[in-house]
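What follows is a short report on a single structure.
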Amino acid sequence: MLAKCYSGAINGVEANVVEIEVNSVISTSSFAIVGLPDQAVKEAKDRVSTALKNSGFKSKSEFAVTVNLAPADVKKEGPIYDLPIAVALLKATQRLRTENLEEYALIGELSLSGVVRRVRGIIPMVMEMRRIGRRAVLVPEESAEEASVVTGIDVIPVRTLREAVQYLAGEITIMPRSTDLADLVARDRDTGEDFADVKGQYNIKRALEVAVAGGHNVLMIGSPGSGKTMLARRIPSILPPMSVEEALEVSRIHSVAGREKGGGTFVTRRPFRAPHHTVSSIGLLGGGTHPSPGEVSLAHRGILFLDEFPEFPRNALETLRQPLEDGHVGVSRAAAAYDYPSRFMLVAAMNPCPCGYYNDPFHECRCKTSSILKYQQRISGPLLDRIDIQVGVSAVPVKELSSMKPGEPSASIRSRVVAARRIQSERYRSMPGVLTNADAKSRDLLDICRLSEGASRKLQREVERLNLSARAYDRILRVARTIADLAGRPSVEESDVLEAAGFRELDKENGFWA
């Protein structure tokens, strides 16, 4: 007898439909799985057979079983097909009485005892099952909360294989799991860090406010103990809340990454990823033997914080150039190509030299000139050119450190950021995928950044004075547009251009570069 049900296969952060056909005939016992399975899928026959016996589904006859995973030219990976294979096998051998199995999708790994275990990539697979019109999807109990954020399809949590069979046979009722996305996102705002704790550093806080308001990349350079890391870790407190669409987009990436990469749950606040400087280029960009998202994709719609910037491997840093420019990562393999979104805000921090005290007014630098140059040249020109805001961080004077007066709270800064983002949202309403000034296409900048006559002249003079590239010209224009948005001005004025250009002259005014 032939039985059929549906499941999914992960492709990047999307999912493809997998049709599972199981045919059985009474014959000498055999079990074959075809349809380009990997080793984990091939091993399903042992897990499924043992789980069926331990769940009490014993057969008086022997069957020759053939399992076909279609389409046959798409590689099937992982243990996610255990549950659908087991259920379809019971149907094919007439141990499951149901006439509508094809209306369901099933996802889950089986233990030898018949317990249904969680799997990664549940969100995109449930979204795909909704797209093809399945009535409901049976998922592991552990993955149900994550899957329930997808609306428009019943998400049925099951703990064991027997429970799944009883539900499909109509013997028990299981209420579908659902989650109110909007309420979940709205309630989760506490970050635990606040800019009110930061004494002084007014120019740096202003730079970070501008960076967050427009989604601009930022580099902080300063001596050890000047507060770079402390400032960076408070940036999430001024980030605007995610929309439901953004939250689902980010959650889909984390679902594919799984728990081993810090994902596997619904993401309600903008990500803040801070990988160690020993991370490899694959860990940063994504890919691997079994391709999965890297740190740049896990930081999508959030922050990628790289502390001790020059200490990262040179090849890993250079891989950042393409996602910083394009907003996505393409990973090509012989069998398939994968695409991972990576529209993040880069926040980097570094010392000006190996000892950290080059041009510090209170400490003597012990480094040779050659060592300083070699250290700073670990950050290539093309990568530095893609960082819109570059600011020097100086140590806070003792007088300010001992002051009892708190700094401006994050809530006040965030309100200005949200107002500026609202202006940008309205501006880019007709441009899919563009949410901030940093996302805007270069060809649209002249219309978006309408300059006054004085501002236009000032921009030309600053670009010539600093000998900047065409890319840097564009980025100054974007930052100036953000500064004008924060002030609520419809056009970019001369003061906006002057402040934006000031964020790119570390070498001339602050003396951080050798």
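The values are calculated or read from the model by the stated rules, or taken from the named source; none is laboratory data. As the structure is a computational prediction, the values presented were derived from the model and not from experiment. A quick note on method: Cβ atoms are made from the backbone with ideal geometry, for glycine too, and the neighbour counts reach across all protein chains shown. What goes into the accessible areas is simple: the full protein's heavy atoms, side chains included, and nothing from ligands, DNA or RNA. Shrake-Rupley method; radii C 1.70, N 1.55, O 1.52, S 1.80 Å.
Residues to consider are ALA164, ALA213, ALA136, ALA147; find the one that is over 24 Å from ASN16 (Cβ atoms) and of a type outside the set (Ser, Thr, Tyr).
Working: ALA164 fails: over 24 Å from ASN16 (Cβ atoms); ALA136 fails: over 24 Å from ASN16 (Cβ atoms); ALA147 fails: over 24 Å from ASN16 (Cβ atoms).
Unique residue meeting the criteria: ALA213.
Give region 128-157 a look and list any residue that's in a strand (DSSP E or B) and open to solvent by 50 Å² or more (accessible area, probe 1.4 Å), or say none. Walk me through how you get there before you give the answer.
Just the residues of region 128-157 that are in a strand (DSSP E or B), to begin with: 136-140, 154-157.
Once the filter is applied, which keeps residues that are in a strand (DSSP E or B) and open to solvent by 50 Å² or more (accessible area, probe 1.4 Å), region 128-157 yields only ASP154.
Residue-wise test of (1) crowded, with 16+ Cβ neighbours inside 10 Å; (2) touching an Asp or Glu at 6+ places or on another chain (Cβ under 7 Å); (3) under 18 Å from ALA274 (Cβ atoms).
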site: SER178; (1), (2), (3): no, no, no
site: ASP194; (1), (2), (3): yes, no, no
site: ARG206; (1), (2), (3): yes, no, no
site: VAL212; (1), (2), (3): yes, no, yes
site: LEU219; (1), (2), (3): yes, no, yes
site: SER223; (1), (2), (3): yes, yes, no
site: LYS228; (1), (2), (3): yes, no, yes
site: LEU231; (1), (2), (3): yes, no, yes
If we keep just the residues of region 127-143 that are more than 22 Å from ASN100 (Cα to Cα) and of a type outside the set (S, T, N, Q), which is farthest from the chain's Cα centre (by Cα)? GLU141
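Listed residues ALA70, ALA40; which is free of Cβ contacts under 8 Å to residues at least 60 places away in the same chain, surrounded by fewer than 17 Cβ atoms within 10 Å (Cβ to Cβ) and under 35 Å from the mean Cα position of the chain (by Cα)? Break it down stepwise before answering.
Details: ALA40 fails: surrounded by fewer than 17 Cβ atoms within 10 Å (Cβ to Cβ).
One residue alone meets the criteria, ALA70.
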Is there any pair linking a residue in region 195-216 that is modelled with pLDDT of 90 or more to one that is in a helix (DSSP H, G or I) and of a type outside the set (A, V, I, L, M, F, W, C), with Cβ under 6 Å and at least six apart or on different chains, and which? PHE195/SER410; VAL210/THR482; ALA213/THR482; GLY214/ASN437; GLY214/THR482
In region 75-89, residues that are surrounded by fewer than 22 Cβ atoms within 10 Å (Cβ to Cβ) and either under 12 Å from SER7 (Cβ atoms) or in contact with a helix residue (DSSP H, G or I) (Cβ under 8 Å, 6 or more places away or on another chain) (or both) total 3
Hey, among the residues in region 7-37 that are touching a Phe, Trp or Tyr at 6+ places or on another chain (Cβ under 7 Å), of a type outside the set (Val, Ile, Thr) and under 30 Å from HIS254 (Cα atoms), which one's surrounded by the fewest Cβ atoms within 10 Å (Cβ to Cβ)? GLU19
In region 454-480, which residue that is in a helix (DSSP H, G or I), of a type in the set (Gly, Ala, Ser) and in contact (Cβ under 8 Å) with a residue 40 or more places away in the chain is surrounded by the fewest Cβ atoms within 10 Å (Cβ to Cβ)? GLY454
Could you list all residues from region 428-444 that are open to solvent by 60 Å² or more (accessible area, probe 1.4 Å) and free of Cβ contacts under 8 Å to residues at least 40 places away in the same chain? ARG429, SER430, PRO432, LYS441, SER442, ARG443
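Output the number of residues of region 158-209 satisfying the condition of being outside any helix (DSSP H, G or I) and either of a type in the set (A, V, I, L, M, F, W, C) or in contact with a Leu (Cβ under 6 Å, 6 or more places away or on another chain) (or both). Outline the logic, then answer.
In the first step, residues of region 158-209 are kept if they are outside any helix (DSSP H, G or I); the result is 158-160, 169-180, 188-194, 198-201.
Narrowing the set further to residues that are either of a type in the set (A, V, I, L, M, F, W, C) or in contact with a Leu (Cβ under 6 Å, 6 or more places away or on another chain) (or both) leaves 158, 169, 172, 174-175, 198-199.
Number of matching residues: 7.
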Taking the condition of being under 34 Å from the mean Cα position of the chain (by Cα), surrounded by fewer than 19 Cβ atoms within 10 Å (Cβ to Cβ) and among the polar types (S, T, N, Q), how many residues in region 363-379 meet it? 1
Six or more apart or on different chains, Cβ under 8 Å: which pairs go from a residue in region 160-183 that's closer than 23 Å to MET127 by Cα to one that's buried (at least 19 other Cβ atoms within 10 Å of the Cβ) and among the charged types (D, E, K, R)? Could you list them? ILE174/GLU163
Name every residue in region 106-126 that is crowded, with 22+ Cβ neighbours inside 10 Å and in contact with a strand residue (DSSP E or B) (Cβ under 7 Å, 6 or more places away or on another chain), in order of residue number. LEU106, ILE107, GLY108, LEU110, GLY114, VAL116, VAL119, GLY121, ILE122, PRO124, MET125, VAL126
Within region 346-362, track down each residue that is open to solvent by 10 Å² or more (accessible area, probe 1.4 Å) and touching a residue at least 60 places away in the same chain (Cβ under 8 Å). ASN351, TYR357, TYR358, ASN359, ASP360
